[in-house]
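So the structure is just underneath, and the comments pick up after that.
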Amino acid sequence: MEDVIRGFVLLMEVQNLLLIFGGVLVGVLVGALPGLSSPMAIALLMPFTISLDPVASISMMAALYCAGTFGGSITAILINAPGAPPAVATALDGYQMAKNGEPGRALGLAAVSSVLGGIFAIVIFLFATPLLADIALKFGPVEYFGLSVFALSMLAAMSGKSSIRNLVAGALGVFVSTIGVHLATGVERYDFGVQELTEGIKFVPVLIGLFAMSELLTQSKTLNAAVERMSARALRLPTFAELKSLKGTILRSSGLGTFIGILPAEGSTVAAMMGYNEAKRFSKTPEKFGTGCAEGIVGPEAANNAAAGGAMVPTLALGIPGSGTTALILAALVMHGFRPGPYLITETPHLVYAIFGAMLFANFAFLGIGLAGARFFSYVTFIPKRFLWPSVFIFSLIGSYAYSSAIFDVWVMLISGIIGYFALRNGFSPAPFVMGLILGKMVEETFTQSMVIYESNFMNFFDSGVFILFMVLTVISLSTPFWGQIRSKFKPKPVE
Amino acid sequence: MSEEKKTFDFAPRTLGAGFIHKKDLVLAIILVAFGAFMYYEAGKFPEAPAILGDTLNADVFPKMLITILFILVAIIPFEFKITPAKIAKIDKDRGDRTLPITWFTIVLLLVIVSFAEFLGAVVTMFITCLALPLLWGERNYIAVAIYSVVFPGFVYLLFNKLLGLYFNPGILELLK
């Protein structure tokens, strides 16, 4: 209890509140702007937070994450251009409702269901994080190795264009993390005589390159894309009666979203799509989906925001990111000298509760900011790309340079961006690579420690029941994406 | 008849020539070549002292990863057989050639970064704000001029003056 109070007291400092509020504002803004995203904003902000109080900067990022998820829905509803991938499902009915002359109602439903989904997940987060951390404290290196392999295998099921490519990207990310001095032996690996590479590839420039630069190059193809905006007048919150009629959908989606968020590597996009599908499946009027139906908005909105909260649970309790954005928050924790994983809650519990508080605050703040500023946020989509993206490049340039005042990092950022652009064209997503890069050190470290403990015999790893469990889960998660295909192959074809 | 021809042409282009996907094969070859080079490089790492044992050698983990990578990459050219809809989507995205504007943007960014240290932060920002919108076809020269002065000025004030971030003066130092 003392830690909870300490965390909240920390949050109540004016500077911290302002930073969190700023995080919400930036989150809604980048969420609303198609092309910009919360992972990109976090990657760009990360180097500038080094000099800030760690609790404040991590809380700001957590607030930005929550708000960014909602921000994407504003443009999804008003201009049918989801600002962020999780808002794609919201656009299906949100835009239709706006077209039917009720943009204000659509925004109100999206905002309130987002907040309710977010709060639901935060409550789970508050109770689940210490519990999970308690379990994880009993883990040895071999169990941790099993867990991180399972987390990487979840990349197969992560939203993206191809499961195999997600796994390849994840493996490449882990591989890149091996560059630099090998801690166990002191051997320099893959430095090719470049002094800067002996320290390894730094997260921040790679993250900026992959999220910001590759998107800049993608945007260079669509400079003349026109958008049509709905008038966002008559914003209104849903009535109590309306909310009561939607309570089943909101609760179901919140639970589903939180669960999906907690699963390593799964994120808001999967949650939103599943939230939409489940809302339709349980609906008494499924035929109305796609025509501007309220359940089609609250289903994905509650789920995607709940997933954002849920994704923080494995990130903080296990040190395993629950999504691409939380992978960045994990990188920020490491950058600020924290030990993500079960020790975070035993050594710095106030930080965990401060993050919890920041997310709670963010949920209420974006309700106000999002609704009051919806019209403004829909206008920001009209900032010409010819001016918006050069600005992003400048922030990328400064962000990657500021991290360690080395032009080498700027090159890393740019090259990562160029590779990222061509990788994206070929169906590779940046998030699995980032997850691999961030988990890489832990995978190698725990593997090496386990080999030492089990006298260099991998088969002895199976002495641990928890390791066996994670291996079974790994096999299941690797095969999940192909179940549908296999099932359809063996399904008897209808006789013509 | 024409409809039939369209259908006939569509399949090989999107899904590669029957058994193997050509574009994905090229992609797999690139990844395998990268992996093979890294595997070869790992073989050159010095061995750990005997007291630490074989499994602690610096090449063990990278070699293991590259082997996993090879297995995964081997599936890529045949992925269109397993998940045809997903690969068709990827094919649609990469079907369009990279536009000249994207290539020019890449070249411009490489040039900017090459000279960034010499030019210094402020001049680099100014040139970026001037050159990138013009390259991307912005013809409102007044807006570009205002943007190229105001935005770097704002960034300089915010990060250098307010947040105390070091900005390399570069070429501006010569003017002092």
- Do we find that A:Gly193 is touching a Leu at 6+ places or on another chain (Cβ under 6 Å), more than 10 Å from chain B (Cβ to nearest Cβ) and farther than 27 Å from B:Ala74 by Cα in this structure? no
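Considering only segment B:140-152, I want to know if a residue exists there that is within 20 Å of A:Ser405 (Cβ to Cβ) and either without any contact (Cβ under 8 Å) to a residue 12 or more places away in the chain or open to solvent by 20 Å² or more (accessible area, probe 1.4 Å) (or both).
Step one: filter segment B:140-152 for residues within 20 Å of A:Ser405 (Cβ to Cβ), giving B:152.
Checking which are either without any contact (Cβ under 8 Å) to a residue 12 or more places away in the chain or open to solvent by 20 Å² or more (accessible area, probe 1.4 Å) (or both) leaves us with none.
No: segment B:140-152 contains no residue that is within 20 Å of A:Ser405 (Cβ to Cβ) and either without any contact (Cβ under 8 Å) to a residue 12 or more places away in the chain or open to solvent by 20 Å² or more (accessible area, probe 1.4 Å) (or both).
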- Query: Only one of these conditions is not met by A:Tyr343: (1) open to solvent by 20 Å² or more (accessible area, probe 1.4 Å); (2) more than 23 Å from the chain's Cα centre (by Cα); (3) of a type in the set (Ser, Thr, Tyr). Which number is it?
  - Reply: (2)
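From the list A:Phe366, A:Phe393, A:Phe377, A:Phe422, which one is in a helix (DSSP H, G or I), open to solvent by 20 Å² or more (accessible area, probe 1.4 Å) and of a type outside the set (Ser, Thr, Tyr)?
On inspection, the qualifying residue turns out to be A:Phe422.
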- Consider B:Arg97 against the criteria (1) open to solvent by 30 Å² or more (accessible area, probe 1.4 Å); (2) within 25 Å of A:Ser220 (Cβ to Cβ); (3) free of Cβ contacts under 8 Å to residues at least 24 places away in the same chain; (4) in contact with a helix residue (DSSP H, G or I) (Cβ under 9 Å, 6 or more places away or on another chain): it satisfies all of them except one. Which criterion is unmet? (4)
- Item | Top-ranked residue in segment B:73-92 [being in contact with a helix residue (DSSP H, G or I) (Cβ under 6 Å, 6 or more places away or on another chain) and within 16 Å of A:Ser429 (Cα to Cα); ranked as farthest from the other protein chains (Cβ to nearest Cβ)] | B:Asp91
- Keeping to segment B:149-176, report how many residues are in contact with a helix residue (DSSP H, G or I) (Cβ under 9 Å, 6 or more places away or on another chain) and within 9 Å of chain A (Cβ to nearest Cβ). 9
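Go over the candidates A:Pro85, A:Pro103 one by one and state the one that is in contact (Cβ under 8 Å) with a residue 40 or more places away in the chain and surrounded by fewer than 24 Cβ atoms within 10 Å (Cβ to Cβ).
Values: A:Pro103 fails: surrounded by fewer than 24 Cβ atoms within 10 Å (Cβ to Cβ).
Being in contact (Cβ under 8 Å) with a residue 40 or more places away in the chain and surrounded by fewer than 24 Cβ atoms within 10 Å (Cβ to Cβ) holds for just one of A:Pro85, A:Pro103, which is A:Pro85.
Kindly check whether there is at least one residue in segment B:97-112 that is modelled with pLDDT under 90 and either farther than 21 Å from A:Ala423 by Cβ or more than 7 Å from chain A (Cβ to nearest Cβ) (or both). Give the derivation first.
We begin by selecting, within segment B:97-112, every residue modelled with pLDDT under 90; these are B:97-99.
From what is left, the residues that are either farther than 21 Å from A:Ala423 by Cβ or more than 7 Å from chain A (Cβ to nearest Cβ) (or both) are B:97-98.
There is at least one residue in segment B:97-112 that is modelled with pLDDT under 90 and either farther than 21 Å from A:Ala423 by Cβ or more than 7 Å from chain A (Cβ to nearest Cβ) (or both).
Could you check, for segment A:147-162, whether at least one of its residues is more than 8 Å from chain B (Cβ to nearest Cβ), surrounded by fewer than 17 Cβ atoms within 10 Å (Cβ to Cβ) and in contact (Cβ under 8 Å) with a residue 60 or more places away in the chain?
Taking every residue of segment A:147-162 in turn, none turns out to be more than 8 Å from chain B (Cβ to nearest Cβ), surrounded by fewer than 17 Cβ atoms within 10 Å (Cβ to Cβ) and in contact (Cβ under 8 Å) with a residue 60 or more places away in the chain.
Conditions (1) surrounded by 14 or more Cβ atoms within 10 Å (Cβ to Cβ); (2) of a type in the set (Val, Ile, Thr), marked per residue:
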| residue | (1), (2) |
| --- | --- |
| A:Ala184 | yes, no |
| A:Arg189 | yes, no |
| A:Gly193 | no, no |
| A:Glu196 | yes, no |
| A:Gly200 | yes, no |
| A:Phe203 | yes, no |
| A:Leu210 | yes, no |
| A:Met213 | yes, no |
| A:Thr222 | no, yes |
- Quick one: would you say B:Phe70 is at the interface with chain A (Cβ under 7 Å from one of its Cβ atoms) and without any contact (Cβ under 8 Å) to a residue 40 or more places away in the chain? no
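I'd like to know if segment A:424-447 contains one or more residues that are basic (Lys, Arg) and over 26 Å from B:Ile146 (Cα atoms). So that I can check it myself, show each step before the final result.
Quick first cut of segment A:424-447, residues basic (Lys, Arg) only: A:425, A:441.
Filter once more, so that each one left must be over 26 Å from B:Ile146 (Cα atoms): A:425, A:441.
Yes, because at least one residue in segment A:424-447 is basic (Lys, Arg) and over 26 Å from B:Ile146 (Cα atoms).
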- Pick from segment A:380-390, criterion modelled with pLDDT of 75 or more and part of a helix (DSSP H, G or I), ranking: surrounded by the most Cβ atoms within 10 Å (Cβ to Cβ): A:Trp389
- Any pair with Cβ under 8 angstrom, 6 or more apart, that starts in segment A:467-496 at a residue that is modelled with pLDDT under 75 and ends at one that is outside any helix (DSSP H, G or I) and of a type in the set (Ser, Thr, Tyr): A:Pro481/B:Thr83; A:Phe482/B:Thr83; A:Gln485/B:Thr83
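May I ask you to list the residues in segment A:245-275 that are in a helix (DSSP H, G or I), more than 16 Å from A:Ile124 (Cβ to Cβ) and open to solvent by less than 20 Å² (accessible area, probe 1.4 Å)? Walk me through it before giving the result.
Looking only at segment A:245-275, we keep the residues that are in a helix (DSSP H, G or I), and these are A:245-262, A:268-275.
Adding the requirement that they be more than 16 Å from A:Ile124 (Cβ to Cβ) leaves A:245-249, A:269-270, A:272-274.
Across segment A:245-275, the qualifying residues are A:Leu246, A:Thr249, A:Ala272.
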- What do you reckon, is A:Ala303 within 19 Å of the chain's Cα centre (by Cα) and part of a helix (DSSP H, G or I)? yes
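So which residues in segment A:191-201 are within 18 Å of A:Ile438 (Cβ to Cβ) and in contact with a helix residue (DSSP H, G or I) (Cβ under 6 Å, 6 or more places away or on another chain)? Spell out how you get there, then give the answer.
Looking only at segment A:191-201, we keep the residues that are within 18 Å of A:Ile438 (Cβ to Cβ), and these are A:199-201.
Selection gives A:Ile201 alone.
Within segment A:387-426, track down each residue that is small (Gly, Ala, Ser) and over 24 Å from A:Leu223 (Cβ atoms).
Narrowing segment A:387-426 to residues small (Gly, Ala, Ser): A:391, A:396, A:399-400, A:402, A:404-406, A:416-417, A:420, A:423.
Correct list: A:Ser400, A:Ala402, A:Ser404, A:Ser405, A:Ala406.
For segment A:425-444, name all the residues that are within 13 Å of chain B (Cβ to nearest Cβ) and not aliphatic (A, V, I, L, M).
If we filter segment A:425-444 for residues that are within 13 Å of chain B (Cβ to nearest Cβ), which is where we start, we get A:425-429, A:432-433, A:436-437, A:439-444.
Residues satisfying the conditions are A:Arg425, A:Asn426, A:Gly427, A:Phe428, A:Ser429, A:Pro432, A:Phe433, A:Gly436, A:Gly440, A:Lys441, A:Glu444.
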- Note on the structure: Given (1) more than 8 Å from chain A (Cβ to nearest Cβ); (2) under 21 Å from A:Tyr401 (Cβ atoms); (3) open to solvent by less than 50 Å² (accessible area, probe 1.4 Å), B:Ile127 misses just (3)
- In the set A:Ile5, A:Ile42, A:Ile58, which member is of a type in the set (Val, Ile, Thr) and either open to solvent by 40 Å² or more (accessible area, probe 1.4 Å) or more than 22 Å from the chain's Cα centre (by Cα) (or both)? A:Ile5
- Item | Verdict on A:Ile438 being of a type in the set (Val, Ile, Thr) and either more than 22 Å from A:Ile329 (Cα to Cα) or over 26 Å from the mean Cα position of the chain (by Cα) (or both) | no
- Query: Yes or no: A:Pro384 under 26 Å from A:Ile79 (Cα atoms), more than 7 Å from every other protein chain (Cβ to nearest Cβ) and free of Cβ contacts under 8 Å to residues at least 24 places away in the same chain?
  - Reply: yes
- So A:Val112 clears everything in (1) surrounded by 23 or more Cβ atoms within 10 Å (Cβ to Cβ); (2) within 24 Å of A:Thr258 (Cβ to Cβ) except one condition, right? Which one? (1)
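May I ask you to say which residue of B:Ala116, B:Ala48 is without any contact (Cβ under 8 Å) to a residue 60 or more places away in the chain, crowded, with 17+ Cβ neighbours inside 10 Å, facing another protein chain (nearest Cβ under 8 Å) and farther than 30 Å from A:Glu215 by Cα?
On the way: B:Ala116 fails: farther than 30 Å from A:Glu215 by Cα.
Answer to the check: B:Ala48.
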- Task: Scan B:Ile82, B:Ile66, B:Ile90 and give me the residue that is in contact with a Gly (Cβ under 9 Å, 6 or more places away or on another chain) and at pLDDT below 90.
- Result: B:Ile90
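The values are calculated or read from the model by the stated rules, or taken from the named source; none is laboratory data. Quantities reported herein were computed from a predicted structural model and do not represent experimental measurements. In this analysis, Cβ positions are derived from the backbone assuming ideal geometry, glycine residues included, and neighbour counts consider all displayed protein chains. Ligands, DNA and RNA are stripped out before the accessible areas are found, and what is left, the full protein with its side chains, is counted by its heavy atoms. Shrake-Rupley method; radii C 1.70, N 1.55, O 1.52, S 1.80 Å.
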